[in-house]
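Some notes on the structure that comes next.
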């Protein structure tokens, strides 16, 4: 694991809303080939953290570096173009457009000649190819022509991922991709995430502990805006403070741990 | 593959709508051979109004920017015509058109820089406010020669032997050509990469930003282009009518333009043109009935919004195309 | 400008500002709480002014006209909400803009049909038709001071109502979360109707108050509306405090502008707005618009 795999580094992030410190002194690292999960109770500051990393919010303190480049003051669109992709907890697609068009638009953001005013956008072969690739990777090839607003909840989560993929990011910020998704669809999404980590650095916010411990390479536990503990899943499981906070919520079985990490 | 064009972008597929548009086009083409000068002039004015309405549709229907101050650029184009041509000689048509569009574009660029920082209801209010500012510029300062207005005594010279703008039928052809050209231009634009991005901004600007699109820049370009086209229409209208006054920039003009856009049906440009024709017909028709025709217009507007929010084109299309 | 002139202009600025505040507070309340943009708000001001004109000649007294007119305006607002506006809470802004634009046309023409297009004036009530001396040769009309005083009292009453009473709390709750408030037993429909009617009454009351000091002419409502928009933009939507600050600021800029730069005075207020937009796109006290 060499230094070039360190794709995102955040140190000392802080954000206050009025008198409340939603995030305080938070740092983390995202490396290619790793899934870094952030867990914590509601109100711990996870969403705020993602918003700070993606550029939706400006931090009051701290820095963010993307592949060594300081992006603390960079706008959200610019961060996206630099390779920072984000999916949303609340479905944030284009409901009136087909799934295909959703992904095509995502692909177009990267394409050269995105400003062309006289080309035939919907027939551009490069964008169509890119969109088809991303849809297939996310498992939505069969539903390409359906209006995004009428897709099932799980399919919309897949669409979010497809749109993310079409922008060819290096870092993925996934904000509760499993929210409201059950059973087989959730398993499929987790398998997808497991595949994606080979090429990308992934930040995953999730509540489903089984899923988290099955896929995480590193874990950060947040509470009240601060980092409670950070380390490998084994370290976190053994951490006394975390155990006190999450009494009984962590997976017990060693076998499950071994199965996940070989 | 049909899904390559998103549901909300497909051309009119309801046959009643296609029929209406076709009949309308044929009628427009036939008019100079059958109609009197009175009707030719009326239709010329209406066609130029349609260009104005289509330019607003680029903002409202296609990009989702509800501008309540679009008449400012329309009026500015008209004033450029009035202020730059010689008093008793014909001006240069193409040069003046270029100047008017450029001036309107410049104004839209400056105003857009301010107003596009806002969104939602703020945007609606500030576009109105800036238009009002321009209205005062022409109304109160010597720039616009005040409320009495300016006359353009001679129609411009087209420089083309076959196009004599003093003749009603020739000006009519020019206006029709401009109408069709602007329509085709806007349609092509809507289907381009740039245009599809504008549509994305309309649907979910937040998401577009997180996909990496610099949405402010996109909106500013659209706003500027729309202003330029409005200025073009205003310039031609000034040449046609021979008179400009500050009322061309007032907010009733902006409000009426918005009415035309929604009346016809938004986003496909032919709707805006249709709306302009319907509006002109209502204006003439109601005007014959009573001098208080504004009352009838107001009632029609309220009823339209209550009963047919997708406009006449929406009614003719018959099916829901996924747009709200 | 000598001190007396300065004082007079300052008092004028305050009076104009407070009047603007009254009208704008109705607008910003209706938008902040119900999410409706109402272009016809200026028409309510106009209706108030013409009511004062019609009723005062019928009743012989401006005071009686204002009292009756206030009640009528409230009732009118109540009916308007019940019959028309309540269908538009869920509609998008474009439809609201267009519908209220249609209303403006209707109101203007009805006024034209009933009262005509002439310019009218309303007399100051005899009791208040005197001036307070400010210096050896300058005096200030008492009626204008009354306008300022009444507007100020109303402003304070509104603040107290919204911040310190159950009704105000209910209104604020309804603003931030309609469904939640409803499920807690608040009759939201009635509440919205009340707020709307109050907004209409405020605008109309301002029109009635101002009638003796400004002339009544076609289009007066539209003029006022646009300035109110600027007040709301500068002050921030939904913020009554912002509306007050912005209205006073505009009152000052407009009044002194007319004296110091008569040619460009009409544009000064918009230039001010442009500056504020550069610095605070959501207004001085506004929050980003709720979805």
Next item on the list: Answer with yes or no whether residue B:269 is farther than 19 Å from residue B:70 by Cα and away from chain A (no Cβ under 14 Å).
Entry: no
Next item on the list: Please name all residue pairs, on different chains or six or more residues apart, with Cβ atoms under 7 Å, provided the first residue is in region B:137-155 and is away from chain C (no Cβ under 11 Å) and surrounded by fewer than 16 Cβ atoms within 10 Å (Cβ to Cβ) and the second residue is modelled with pLDDT under 90 and not in a helix (DSSP H, G or I).
Entry: B:153/B:87; B:153/B:88
Check: Which condition does residue A:4 not pass, out of (1) more than 14 Å from chain B (Cβ to nearest Cβ); (2) assigned to a strand (DSSP E or B), if it passes all the others?
Finding: (2)
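Residue by residue, here is whether (1) on the phi < 0 side of the Ramachandran plot; (2) more than 9 Å from every other protein chain (Cβ to nearest Cβ); (3) out of contact with any helix residue (DSSP H, G or I) (no Cβ under 7 Å at 6 or more places or on another chain) holds:
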site	(1), (2), (3)
B:87	yes, yes, yes
B:92	yes, yes, yes
B:97	yes, yes, no
B:116	yes, yes, no
B:124	yes, no, no
B:128	yes, no, no
Item checked: residue B:233 being without any contact (Cβ under 8 Å) to a residue 40 or more places away in the chain and either more than 13 Å from every other protein chain (Cβ to nearest Cβ) or under 24 Å from residue B:136 (Cα atoms) (or both) -> no
Next item on the list: Filter region A:102-127 down to residues that are outside any loop (DSSP other than H, G, I, E, B) and modelled with pLDDT of 90 or more and give me whichever is surrounded by the fewest Cβ atoms within 10 Å (Cβ to Cβ).
Entry: A:107
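Only one residue in A:173, A:159 is outside any helix (DSSP H, G or I), within 14 Å of the chain's Cα centre (by Cα) and within 13 Å of chain B (Cβ to nearest Cβ), so which one is that? Steps first, answer last, please.
On the way: A:159 fails: outside any helix (DSSP H, G or I).
Only one candidate passes the filter, namely A:173.
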Margin query: What's the number of the only condition in (1) surrounded by 22 or more Cβ atoms within 10 Å (Cβ to Cβ); (2) modelled with pLDDT of 90 or more that residue A:151 fails to meet?
Written below: (1)
Notebook entry, point to check: When residue A:86 is evaluated against the numbered criteria (1) surrounded by fewer than 23 Cβ atoms within 10 Å (Cβ to Cβ); (2) touching a residue at least 60 places away in the same chain (Cβ under 8 Å); (3) facing chain B (nearest Cβ under 7 Å), which criterion, by number, is the only one it fails?
Noted result: (1)
Check: Quick one: is residue A:180 assigned by TED's automatic domain parsing to the domain that holds residue A:34 and either farther than 24 Å from residue B:189 by Cβ or in contact with a strand residue (DSSP E or B) (Cβ under 7 Å, 6 or more places away or on another chain) (or both)?
Finding: yes
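Going through B:289, B:295 one at a time, which residue ends up being more than 30 Å from residue B:195 (Cβ to Cβ), out of contact with any strand residue (DSSP E or B) (no Cβ under 8 Å at 6 or more places or on another chain) and more than 12 Å from chain C (Cβ to nearest Cβ)? Break it down into steps so the answer makes sense when it comes.
On the way: B:295 fails: more than 12 Å from chain C (Cβ to nearest Cβ).
Going through B:289, B:295 in turn, just one is more than 30 Å from residue B:195 (Cβ to Cβ), out of contact with any strand residue (DSSP E or B) (no Cβ under 8 Å at 6 or more places or on another chain) and more than 12 Å from chain C (Cβ to nearest Cβ): B:289.
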Notebook entry, point to check: Of the numbered conditions (1) farther than 28 Å from residue A:55 by Cα; (2) touching a residue at least 24 places away in the same chain (Cβ under 8 Å); (3) away from every other protein chain (no Cβ under 12 Å), residue A:203 satisfies every one except a single condition; which is it?
Noted result: (1)
Checklist line | Residue pairs meeting the criteria (Cβ under 7 Å; at least 6 apart or on separate chains; first more than 7 Å from chain C (Cβ to nearest Cβ), in region B:299-315; second at pLDDT below 75 and assigned to a helix (DSSP H, G or I)) | finding: B:308/B:314; B:308/B:315
Next item on the list: Could you tell me which numbered condition residue A:139 fails, if it satisfies all but one of (1) outside any loop (DSSP other than H, G, I, E, B); (2) touching a residue at least 40 places away in the same chain (Cβ under 8 Å); (3) over 30 Å from residue A:64 (Cα atoms)?
Entry: (1)
Note to self: I want to confirm something. Restricting to region A:63-83 and keeping residues that are touching a helix residue (DSSP H, G or I) at 6+ places or on another chain (Cβ under 7 Å) and at the interface with chain B (Cβ under 8 Å from one of its Cβ atoms), which single residue is nearest to residue A:160 (Cα to Cα)?
What the structure shows: A:80
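Which of the helices (runs of 4 or more DSSP H) contained wholly in region C:166-250 include at least 2 residues that are within 13 Å of chain B (Cβ to nearest Cβ)?
The helices (runs of 4 or more DSSP H) meeting that bar are C:220-235.
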Item checked: Failed item in (1) farther than 30 Å from residue C:187 by Cβ; (2) surrounded by 15 or more Cβ atoms within 10 Å (Cβ to Cβ), with residue C:154 passing the rest -> (1)
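Among the residues of region C:188-199, is any closer than 24 Å to residue B:251 by Cα and touching a residue at least 60 places away in the same chain (Cβ under 8 Å)?
Residues of region C:188-199 that are closer than 24 Å to residue B:251 by Cα, as a first pass: C:199.
Filter again for touching a residue at least 60 places away in the same chain (Cβ under 8 Å), leaving C:199.
Among the residues of region C:188-199, at least one is closer than 24 Å to residue B:251 by Cα and touching a residue at least 60 places away in the same chain (Cβ under 8 Å), which makes the answer yes.
Out of region A:23-47, which residues are outside any loop (DSSP other than H, G, I, E, B) and within 29 Å of residue A:191 (Cβ to Cβ)?
Within region A:23-47, the first condition is being outside any loop (DSSP other than H, G, I, E, B), and the residues that meet it are A:23-31, A:35-39, A:46-47.
If the condition is that a residue be outside any loop (DSSP other than H, G, I, E, B) and within 29 Å of residue A:191 (Cβ to Cβ), then A:28, A:29, A:30, A:31, A:35, A:36, A:37, A:38, A:39, A:46, A:47 are the ones that fit.
The values are calculated or read from the model by the stated rules, or taken from the named source; none is laboratory data. This is a predicted model, so every value here is computed, not measured. FYI the Cβ positions are ideal-geometry reconstructions off the backbone, even for glycines, and counts take in every protein chain you see.
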